[in-house]
Amino acid sequence: MKKLSFKIYNHTDTLPNNWDTVAYRNVFLQKKYLEVLEKSAPVNMQCFYIAIYEDVELIGVSLAQYLDLNKLESFGERDKCFKTWIRNIIFRNFGSHTLFLGNNMITGQNGYTFSKEIDFEALSSILMESAREITQYFKHQNIKIHLVSFKDFYEDCAKELKKNSFSSLFEYSSQPNMVLYVAPLWQDRNDYINAFSKKYRDQYKRARKKCSEVQVKELTHEEIIEHETTLYDLYHYVAKNAPFNTFFLAKNHFSTLKNQCLDHFKLYGYLLEGKLVGFHTILLNDKVLETYFLGYDPQVQKENMLYLNMLYNMAEFGIENKFERIIFGRTALEIKSSIGAIPVTMSGFIYHNTRWINKYLDRFFKKLEPNIEWQRRHPFK
């Protein structure tokens, strides 16, 4: 391989013309999605776009995100305990300026892509150098980057990165990514349901009956704008009750996403007696269906098993539209396993720019990581 170099951009309108030629397999690295981040990013986020060259040929693209946690309204309000309180204090004082190499808004290996083969030595080196350059950019603005994180690598990739420039970094693994692999024999939702054991077919029937009065409708761009405030309120309830947050979406995020990504982004509203009481969103990413953000009225969710029905709806969409797998992310692990998703371990790498903290980062991380106990379900025969 010839010598690699990179250039970092602050704005999507300055990206190379052939950016999408390299990023064509991953919607999360294509200009239309990156423009969404630029136009409707969380208030505490700034994005950087990294073009990677072999001599003068563009062969790779990558994404980095800076997060200022001082601007965050809440780290999450679900868990009320002393450990959470301590964790929040530490993050505000020692990790409030964080740089992610990758996309912190989604789960999965979506931080980079290449148009040709690249070895892990070159990959790890270029990611480390990019992080250092962005860190220097903020230093010139009198902002010290505390934490640098390279997020979401599958196990085989993480193993290879660890052999190279990532060897000195602390490797961490938080909650697994829940993935539903679509069986080749599943041609429609009936095949999927019939694959369940009796216990989980009964669960499916019960959930559908509970939600029989709720209408599910795909919203147009105009309807998303019309319901923008309600959509945000429903999303915000779920987001603030998560165990841990590093950002909150902008209020115009969904309408911007629909305007930019058109049929690659779908938002389904759940209406009860004509009132919007919930929604879920999906992104069509080549052969992968990515579940995105959702929201619901907590009272309606409890009485109508709204969340479980959303999971079934997303699974059935993926099956009937011939996706190979459906990415459900790393929350609500047990209920997602009950609809057939399995846990996939993903790793990240992290370092702190204060030497003494970096030395003990493994101890800090183990104490700060939210402890989530769950039981994996096995719904298929």
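Observations
- Of the GluC sites (Glu not before Pro) found in region 286-333, those that fall in a DSSP loop while having at most 15 other beta-carbon atoms within 10 Å are E324.
- Relative to one another, the C-alpha centroids of region 209-248 and region 284-315 are positioned 10 Å apart.
- Inter-part distance, region 42-64 to region 1-23, computed on C-alpha centroids, equals 6 Å.
- Of K251/K287; K151/K210; K205/K287; K240/K266; K151/K381; K39/K275, pairs whose Cα-Cα distance is over 31 Å: K151/K210; K151/K381
- Whole-percent carbon and sulfur share, accessible surface of region 178-343, 1.4 Å: 50 percent
- With 22 Å as the limit, the listed pairs K3/K32; K7/K116; K7/K32 have K3/K32 beyond it between alpha carbons.
- Low-density loop cleavage sites - trypsin sites (Lys or Arg not before Pro) in region 1-55, where at most 15 other Cβ are within 10 Å (DSSP): K2, K3, R25
- Antiparallel DSSP beta bridges within the chain, percent to nearest 5: 90 percent
- 17 Å reach of a label modelled at R189, 7 Å along Cα-to-Cβ, counting backbone N of region 276-295: 279-282
- Taking Cα centre as origin and charging only the Cβ of basic (Lys, Arg, +1) and acidic (Asp, Glu, -1) residues, the dipole magnitude of the chain rounds to 1380 debye.
- Mean shadow area of the chain over all directions, Cα convex hull, nm²: 19.3 nm²
- Highest mean packing first, where packing is the average number of other Cβ atoms within 10 Å per residue, the peptides 10-16, 283-289 line up as 283-289, 10-16.
- For region 163-238, accessible area per residue (1.4 Å probe, heavy atoms of protein chains only), Å²: 58 Å²
The values are calculated or read from the model by the stated rules, or taken from the named source; none is laboratory data. All values derive from a computational prediction rather than experimental measurement. Counting neighbours? That spans all protein chains shown, and the Cβs are built from the backbone with ideal geometry, glycine included. All accessible areas refer to the heavy atoms of the entire protein, side chains included, with ligands and DNA or RNA removed. Shrake-Rupley method; radii C 1.70, N 1.55, O 1.52, S 1.80 Å.
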